[in-house]
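Since the structure comes first, as C-alpha cells, the remarks are kept for the end.
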Amino acid sequence: MFEYAPAPESRSVVDLKPSYGLFVGGEFVEGSGGAFKSVNPATEEVLAEVALADAADVDRAVAVARKAYDEVWSRMPGAERAKYIYRIARIIQERARELAVLESLDNGKPIRESRDVDIPLAAAHFFYYAGWADKLGYANLGPDPKPLGVAGQVIPWNFPLLMLAWKVAPALACGNTVVLKPAETTPLTALLFAEICQQADLPPGVVNILTGAGATGAALVAHPGVDKVAFTGSTEVGRMIAKQVAGTSKKVTLELGGKAANLVFDDAPLEQAIEGIVDGIFFNQGHVCCAGSRLLVQESVAEEVVDRLRERMKTLRVGDPLDKNTDLGAINSAEQLARIRTLTEAGEAEGATRWSPPCELPERGFFFAPTIFTGVSQAHRIAREEIFGPVLSVLTFRTPAEAVEKANNTAYGLSAGVWTDKGSRILWLAQRMRAGVVWANTFNRFDPTSPFGGYKESGYGREGGRHGLEAYLDV
C-alpha cells in the first residue's frame, strides 16, 4: 500500500458568510422562524447560521412563485427559458471548484467525489433539460404539454446540489416555478445556487429557496398553492407526504429508500466486480439510496470474493473530506452516525460476523470505518433495513432463480446490480428483478438522459431523462 502525503484542497475558494437568509423573489431576505446552525461533520465546526423558514415564509415564497409563473415563466417561449437554464449550467461549471469545496465542507463527502461526480453531473442535468425546453411537444407526452404551476421540492442531504439539479432543471424546462427546501444539515450549496440564479439574471420568483427542518418541508408540501410535490428522502417521510397529498389535485413523485442487491456470479470478471462492490457501497460513505448494500455472491466464488474484497478495503483511506486522497469522508451528522452504530450492533447481536480494515479515524467529527458482515441471513436487520452508511451485508446463492428470489426479498425496489460474463443472463435477470434501475457489470452510474425511480417502498414516479419531464407536465 502506498503512503500518500496529505493533499488538501484549499477552502479559500469559498466565501463563507456568517449567516444566510432565505432566497425569495430573487433576493435574500430574513426569515421569520429564527435560525439554525450548519455544521461541518468532519470537524464539528459551525460553518454558518441559516434562516429557518416558518409557515409565513412558505406562504410568501409560494405567492411569489405563483406570480412569477403566471406573469413571466409559463408565458415565456421554451427557447427563451432554455437560454436561462443553459446559463445556469455554464455558471455551475465556472464555479465548480467553489461548489465542490463547499459541498464537501457542509456534507462531509470526499472532495474527489464532489469535484468529479456531483458538480459535473449537476451541470449536465441543467444542460440536458435546457435542450428539452423548446421541444416538449416532441417528447411523446402529447402534442401540447402544459406546465403544472408551482413545484414544492424537498431534497435530502446525501447529494445536496445534485438532487437540486435533478428537481429544478426539469421543472424550469417545463415552465414551472420552484420553491425548494434543502436538508437542514446541508443548505449551503443550495444558497450558493441562489447566487447563481441571480448571476444568471433568472427572473425573480422563478426559483425560491427556503431553508429549515421537517416543519418547513411539511408546510411546503401541504400548502394549497403548490401544484406539484417532489420529494427525495426516507420512506418514513415519503409515507407521510403520500397521506398528506392524497385526495388533492397535486401531482407527486417520491424517490425513497433502498436496499439494493448486487449480484456476483461465478463467471464474473472478479477484479472489476470487486471495484464495483466497493463503488456500490462505499461511494459517498454509503449515503446513497441506491447503494449496493446487499452483496449476493454465488456460493462457488463467495470465499474468494470476500477475501479479495477485504484486501481492497485495506487500501481505503478514511479521513479529511478535503484531502484529495480520501476515499471515505465523514458521516453527515451525529444522528446518522448513531443510527449506523445501532444497526451494526444489531448485526453482531443477531449473529453475523463483522469485519473492518485496520484504520485510524479522526478524533473529531463523525466517522465510521468501512464494514462488511458475513454469515448474514435474510432475516437479519442489516439485510432488511436501510443503513445509509458504509456497511455491506454479504449473502450467498447457488442458482440464478435463488438469486432473483433473494434480490427481490425486500420491501424496497430502487436499484440492483449484476456481474456476469453472460449477456443472456443479464437480460434474464433484469426482467425479473423488481428494481427501477439494474446495472450490468457496473454500479452507481448516473446520467441525465436515463430515468431513475423505484418500486414498492422505494417510491413512485421517475426523475431524469424524457420520463422526468412527465412529472412536471400536465399530460
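The values are calculated or read from the model by the stated rules, or taken from the named source; none is laboratory data. For clarity, every value in this text was computed on a predicted model and none was experimentally measured. Counting neighbours? That spans all protein chains shown, and the Cβs are built from the backbone with ideal geometry, glycine included. The area values use the complete protein model at the heavy-atom level, side chains included, leaving out ligands, DNA and RNA. Shrake-Rupley method; radii C 1.70, N 1.55, O 1.52, S 1.80 Å.
Values for this structure:
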{"read-out": "Matching residues, the range 209-219, being within 20 Å of the chain's Cα centre (by Cα) and of a type outside the set (Ser, Thr, Tyr)", "value": "ILE209, LEU210, GLY212, ALA213, GLY214, GLY217, ALA218"}
{"read-out": "Residue tally, condition open to solvent by 30 Å² or more (accessible area, probe 1.4 Å) and not β-branched (Val, Ile, Thr), over the range 111-123", "value": "4"}
{"read-out": "Among residues of the range 332-354, those that are without any contact (Cβ under 8 Å) to a residue 40 or more places away in the chain, open to solvent by less than 60 Å² (accessible area, probe 1.4 Å) and of a type in the set (Ser, Thr, Tyr), counted", "value": "0"}
{"read-out": "Pairs where the first residue, in the range 361-381, is under 26 Å from GLY329 (Cα atoms) and at pLDDT 95 or above and the second is of a type in the set (D, E, K, R) and part of a helix (DSSP H, G or I), C-beta under 8 Å, 6+ apart", "value": "PHE368/ARG341; ILE372/ARG310"}
{"read-out": "PRO321 being at pLDDT 95 or above, under 22 Å from PRO156 (Cβ atoms) and not aliphatic (A, V, I, L, M)", "value": "yes"}
{"read-out": "Single residue of the range 30-65 satisfying the filter (within 17 Å of VAL207 (Cα to Cα) and not hydrophobic (A, V, I, L, M, F, W, C)) that is least open to solvent (accessible area, probe 1.4 Å)", "value": "ASP57"}
{"read-out": "Contacts under 6 angstrom Cβ, first residue in the range 1-24 being among the β-branched types (Val, Ile, Thr), partner part of a strand (DSSP E or B), 6 or more apart", "value": "VAL24/ASN208"}
{"read-out": "The range 448-475, subset among the charged types (D, E, K, R) and more than 25 Å from GLU236 (Cβ to Cβ), residue surrounded by the most Cβ atoms within 10 Å (Cβ to Cβ)", "value": "GLU470"}
{"read-out": "Pairs where the first residue, in the range 77-101, is in contact (Cβ under 8 Å) with a residue 12 or more places away in the chain and the second is open to solvent by 30 Å² or more (accessible area, probe 1.4 Å) and assigned to a helix (DSSP H, G or I), C-beta under 6 Å, 6+ apart", "value": "ALA89/PHE127; ILE91/GLN199; ALA100/ARG115"}
{"read-out": "Verdict on GLU27 being touching a residue at least 24 places away in the same chain (Cβ under 8 Å) and on the phi < 0 side of the Ramachandran plot", "value": "yes"}
{"read-out": "Test: residue in the range 300-313 that is within 20 Å of the chain's Cα centre (by Cα), open to solvent by less than 10 Å² (accessible area, probe 1.4 Å) and in contact (Cβ under 8 Å) with a residue 12 or more places away in the chain", "value": "no"}
{"read-out": "All positions within the range 403-421 that are in contact with a Leu (Cβ under 9 Å, 6 or more places away or on another chain) and not aliphatic (A, V, I, L, M)", "value": "LYS406, TYR412, GLY417, TRP419, THR420"}
{"read-out": "Odd one out for ALA68, checked against (1) farther than 28 Å from ALA334 by Cα; (2) touching a residue at least 40 places away in the same chain (Cβ under 8 Å); (3) touching a Ser or Thr at 6+ places or on another chain (Cβ under 6 Å); (4) open to solvent by 40 Å² or more (accessible area, probe 1.4 Å)", "value": "(4)"}
{"read-out": "Flag for LEU136 being open to solvent by 10 Å² or more (accessible area, probe 1.4 Å) and either of a type in the set (D, E, K, R) or farther than 18 Å from ALA63 by Cβ (or both)", "value": "yes"}
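The rows are residues; the columns are (1) over 27 Å from THR449 (Cα atoms); (2) open to solvent by 10 Å² or more (accessible area, probe 1.4 Å); (3) not hydrophobic (A, V, I, L, M, F, W, C).
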| site | (1), (2), (3) |
| --- | --- |
| VAL178 | no, no, no |
| THR185 | yes, yes, yes |
| ALA194 | no, no, no |
| ASP201 | no, yes, yes |
| LEU210 | yes, no, no |
| VAL221 | yes, no, no |
| SER234 | no, yes, yes |
| LYS250 | no, yes, yes |
| ALA260 | no, no, no |
